[in-house]
């Protein structure tokens, strides 16, 4: 290297230039050094030591990750998250992005779906925990399901009713049947109790035991209870008939051969029956219970419940990013395909999706990274009683290190595992991101 | 009018647009009715949970555990602001809101200032190994903050920073920095060289150039970065849960009411709603920057 002409002031100038540079960089170096670089090295080293850091134990902590029950549950759950959520979020974002191009109010739609992105995952979890309450009176999700289910399959009017005497047998699921075989000319008193006053139909009248009909089977279904009790199995004054109850006539083999509905005084009649033994029964639909509510926050469904909340938050992100990709697509290519006679679905599958591939992959990979680190929303949706079942890697790390166990060695190992899983994904994203620029 | 409304439709051939008969337009409108209905249903579905939280927060204590928020539609008289006035007199919550604000402002201002300084150095100051060091800083983006929780927990205890707002501010500042430096350096590098050169020839110091030239010109990037960082720190739960005990931010303060979720809903619902009103306000006020920043961070 030839020595350059060193004019006066070059050296101090150089020094000053570097001094200025250092001044500009120093705060960043300090923050990054103390809060990111040093802790990263520390955590990696710490993961090789035991709980209180006194003994070097090699990779024992890593083995424990895969042999401790709560931790394997966390890994399994996180694997389910990875398999389900990123693909769903990307698909929803794509569908929304394509559909809103065809409506006039796309900005309003976009705002509505994107809004949850602004609020904390923790608060989003609180929102869904309120929505997911089991009781159909206060949990909106179950109230919605109940409205549909009870409309399709209405609950019976007397879901709590029980036989008043042992003369009525069977189970509510197959219908309560009169124990004694009947023939034409018999009378069947079918008494029920345990009916709350609210369940008694408004048009109910004083029950009446009908007179026998030759060749027919008659009877009464009534609320075999009056203030003070009364005698079971006997129709008494102040005891109400139960109208609108379906009574089945069954033959000797148990097959249903006829159905009638009770009158306002509870009476029913099969006018003409064939000779031989018959039975009568109150149909099972009478006892069908109303929709009880799905136990979203219980141990079985907690992971899907948290996922729903999470998808609600992130769908807007996918929609906006994919929407920007769609807007940048060359319109003439799409139009050319349409002019050539391709249907909308063909255009979507053969042209739009392949052209959007890079954007879809970025969204998908970004969601993989987010899902690996999922934490806040699990703690806010899942009640303490189902947190073991809802466990994920980041939550397991926190609980191991700070949530009572206080094992910094194992906690560090879980953090390193998370780190190792995130690295390739983020490198991929940064690479495709640099290519785009 | 019809022409103006149609401009939104991507009709490639101008002739087709002008000659489209009224009957065809009518057909198209009706064929879109199911799509509009479907999307309207989805939009409502997406809004209902947040609305539900708000209406829940308006139900008095004795009603909220027995009746769903939708009863307010049929009985609007049930609603009351009582829960909110109770909230204002609840010192745990009010002090948590103040702490959250302090942390969010500090955790936004520091990384932006520090990141802008470093971004300027990486963009316009010459020094050996500049690009390599920049790459190293960007590489720090891959470190999940879980990697720092355990060491910083011990560190904060040792230096007496544990359970302070400052500990949260510094943690958020550091983890916001790699992205801030990356974004701002890339933005600053697009500033015309002539502008800087002439300022230097005029004898302006680097500090002066930075304050008078770079910061004002970088405002669009700084704004969207500020919005993101503010939302990130305001919405944080994990960091504040780890390093705070008595110093609680709002998410942590709500979390500490969780032990009896069902019976505390009259406190949890309004507190959660207040906690999300601030980021929602920021979002609606700066929606454009927000979306731009999001796109800058993911595709471009």
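The values are calculated or read from the model by the stated rules, or taken from the named source; none is laboratory data. Since we're looking at a predicted model, the values are computed, not measured. Note that we place each Cβ from the backbone using ideal geometry, even for glycine, and neighbour counts take in every protein chain shown.
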Among the candidates A:395, A:410, A:418, residue that is within 24 Å of residue B:182 (Cβ to Cβ), touching a helix residue (DSSP H, G or I) at 6+ places or on another chain (Cβ under 7 Å) and modelled with pLDDT of 95 or more | A:418
Index of the failed condition, residue A:130 passing every other in (1) at pLDDT below 90; (2) out of contact with any strand residue (DSSP E or B) (no Cβ under 6 Å at 6 or more places or on another chain); (3) surrounded by 15 or more Cβ atoms within 10 Å (Cβ to Cβ) = (1)
Looking at residue B:132, is it buried (at least 21 other Cβ atoms within 10 Å of the Cβ) and at pLDDT below 95?
-> no
Which condition number in (1) more than 8 Å from chain B (Cβ to nearest Cβ); (2) over 30 Å from residue A:231 (Cα atoms); (3) surrounded by 21 or more Cβ atoms within 10 Å (Cβ to Cβ) is the one that residue A:163 fails?
-> (2)
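For every residue, the table says whether it meets (1) at positive phi; (2) surrounded by fewer than 17 Cβ atoms within 10 Å (Cβ to Cβ); (3) at the interface with chain A (Cβ under 9 Å from one of its Cβ atoms).
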site	(1), (2), (3)
B:36	no, yes, yes
B:50	no, no, yes
B:81	no, yes, no
B:124	no, no, no
Might you let me know whether segment A:352-359 holds any residue that is more than 16 Å from the chain's Cα centre (by Cα), closer than 30 Å to residue B:283 by Cα, without any contact (Cβ under 8 Å) to a residue 60 or more places away in the chain and crowded, with 20+ Cβ neighbours inside 10 Å?
-> yes
Turns out the helices (runs of 4 or more DSSP H) fully within segment A:18-126 with at least 2 residues that are under 30 Å from residue B:265 (Cβ atoms), more than 10 Å from every other protein chain (Cβ to nearest Cβ) and modelled with pLDDT of 95 or more are A:69-99
Within segment B:146-157, the residues that are surrounded by fewer than 23 Cβ atoms within 10 Å (Cβ to Cβ) and facing another protein chain (nearest Cβ under 9 Å) are B:151, B:153, B:154, B:155
Where in segment A:228-293 are there strands (runs of 3 or more DSSP E), lying fully within it, with 1 or more residues that are within 40 Å of the chain's Cα centre (by Cα) and within 17 Å of residue A:184 (Cβ to Cβ)?
-> A:246-250
Out of the residues in segment B:238-252 that are away from chain A (no Cβ under 11 Å) and surrounded by 17 or more Cβ atoms within 10 Å (Cβ to Cβ), state the one that is farthest from residue A:384 (Cα to Cα).
-> B:247
Name the residue, out of B:204, B:199, that is over 22 Å from the mean Cα position of the chain (by Cα), surrounded by 16 or more Cβ atoms within 10 Å (Cβ to Cβ) and not in a helix (DSSP H, G or I).
-> B:204
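Quick grid of which residues meet (1) surrounded by fewer than 22 Cβ atoms within 10 Å (Cβ to Cβ); (2) more than 10 Å from chain B (Cβ to nearest Cβ):
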| position | (1), (2) |
| --- | --- |
| A:290 | yes, yes |
| A:294 | yes, yes |
| A:297 | no, no |
| A:301 | yes, yes |
| A:309 | no, no |
| A:314 | no, yes |
Could you tell me which numbered condition residue A:134 fails, if it satisfies all but one of (1) part of a loop (DSSP other than H, G, I, E, B); (2) closer than 19 Å to residue A:287 by Cβ?
-> (2)
Is it the case that some residue within segment A:379-390 is without any contact (Cβ under 8 Å) to a residue 60 or more places away in the chain and facing chain B (nearest Cβ under 8 Å)?
-> yes
Residues of segment A:325-335 classified as within 10 Å of chain B (Cβ to nearest Cβ) and either assigned to a loop (DSSP other than H, G, I, E, B) or in contact (Cβ under 8 Å) with a residue 12 or more places away in the chain (or both), total = 3
Which ones in segment B:127-142 are at the interface with chain A (Cβ under 7 Å from one of its Cβ atoms) and under 24 Å from residue B:196 (Cα atoms)?
-> B:127
Scope segment B:86-120; condition modelled with pLDDT under 95 and either out of contact with any helix residue (DSSP H, G or I) (no Cβ under 8 Å at 6 or more places or on another chain) or buried (at least 24 other Cβ atoms within 10 Å of the Cβ) (or both); matching residues | B:89, B:91
The lone exception for residue A:233 - which of (1) outside the structural domain of residue A:116 (by TED's automatic domain parsing); (2) within 30 Å of residue A:136 (Cβ to Cβ); (3) surrounded by 14 or more Cβ atoms within 10 Å (Cβ to Cβ) it fails = (2)
